[in-house]
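Beneath this line is the structure, given in structure tokens, with notes to follow.
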Number of protein chains: 2
Amino acid sequence: MSTPAPPEVPLSPGMERLAVLLGTWSGRGHGEYPTIDPFEYDETVGFSHVGKPFVAYSQRTADPGSGRPLHAEVGYLRVARGSWAELVVAHPTGIVELSEGTFDGPWMRLRSRVVAGTGTAKEVTAIERDIFVEGDVLEYSVRMAAVGVPLTHHLRARLERVR
Amino acid sequence: MSTPAPPEVPLSPGMERLAVLLGTWSGRGHGEYPTIDPFEYDETVGFSHVGKPFVAYSQRTADPGSGRPLHAEVGYLRVARGSWAELVVAHPTGIVELSEGTFDGPWMRLRSRVVAGTGTAKEVTAIERDIFVEGDVLEYSVRMAAVGVPLTHHLRARLERVR
């Protein structure tokens, strides 16, 4: 359903800072949390745009051994006031996430302002994402407060641009 | 970035009721709201799954004359207790939506429990979606409370399954 912009469509004015993210990224990540066994994952991330004032974000991970789908998430990034980033994300676990933060140099540091879950979702109360992007390398770490555990390291991955 | 399930992957147990949505839908819609001029739109909607307990939802609309992209949204549907539907959606306008409601016979009636916006988003306080699906026809209407306007009819469309 995604509709990548033809190359001739420029980024919407004010969104230029997000240009470094555009494309498809792939790599390996490591997850851990006090309530689960540590795990490795293969990840593909995409950022695309259609010339409007947002960048579409999608992500999916798979078990490195079996290829079995693990997590996925979708959403949008926006930029306000030049170096302030806004992220809205829907998680298939029944969670919505609204985060904001600085995008300054190679670092985007997003902090959740709203996290809410459906009736069947596990309780998640805070998500923090630090994203580093430079050239064809994207690294991120995620901290999460969930199921009674305070904000704790959860995910870390190193991705490379594949197109 | 979407990964439609191969046909041999069955829906996750409990999600069978969502089977009627799977596929790609296309058609024409009409939008209106007290604060804007009425408008027509062409819409493509997709529901897909990977065998996990959710169905991925994506949507995009375009101006019928120029093909210019208008709205888009992405998210996930879940089912709880057989006939209770949960929807989480990210909107490129900087909005997250968490809605729940009945999926009884051909009607899904979703009512927002949480709507939140980033700093640059217009204020939206409630969204109601009535979705009718039968065979290869999907019709929906959306009511919205936004920018000081109480819950008011906003969108209506009739889509047909195209694959």
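The values are calculated or read from the model by the stated rules, or taken from the named source; none is laboratory data. No experiment lies behind these values; they were computed from the predicted model shown. We place every Cβ from the backbone using ideal geometry, glycine too, and count neighbours over all the protein chains shown. All accessible areas refer to the heavy atoms of the entire protein, side chains included, with ligands and DNA or RNA removed. Shrake-Rupley method; radii C 1.70, N 1.55, O 1.52, S 1.80 Å.
Here are the numbers:
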| item | result |
| --- | --- |
| Computed log₁₀ I(q)/I(0) - Debye formula, equal Cα scatterers, no solvent, the range A:1-122, q 0.13, 0.16 Å⁻¹ | -0.61, -0.90 |
| Size of the A/B contact, given as accessible area buried on both chains, probe 1.4 Å, in Å² | 3100 Å² |
| Residue-averaged beta-carbon neighbours from other chains (10 angstrom radius) around A:117-126 | 4 |
| Local electrostatic count at B:G67 - Lys and Arg +1, Asp and Glu -1, tallied over other residues with Cβ under 15 Å | -1 |
| Using a 7 Å Cα-to-Cβ projection, B:E32 label spacings across copies, nm, ascending | 5.9 |
| Net charge, B:H49 excluded, C-beta distance under 12 Å - Lys, Arg +1, Asp, Glu -1 | +1 |
| Probe 1.4 Å, protein heavy atoms only - accessible area per residue of the range A:1-122 in square angstrom | 43 Å² |
| Alpha-carbon Rg with Dmax, taken over the range A:63-137, Å | 14.3, 44 |
| Cα-based equivalent ellipsoid of the protein assembly as shown: semi-axis lengths in Å, sorted from largest, via gyration tensor | 29, 24, 20 |
| Solvent-accessible area, 1.4 Å probe, carbon plus sulfur percent, for the protein assembly as shown | 55 percent |
| Cβ-defined net charge surrounding A:T120, 15 Å radius [Lys, Arg +1; Asp, Glu -1] | +3 |
| Nearest-first distances (nm) between copies at B:P106, label 7 Å from Cα via Cβ | 5.7 |
| Label geometry 7 Å along the beta-carbon vector: A:G119 inter-copy distances in nm | 3.7 |
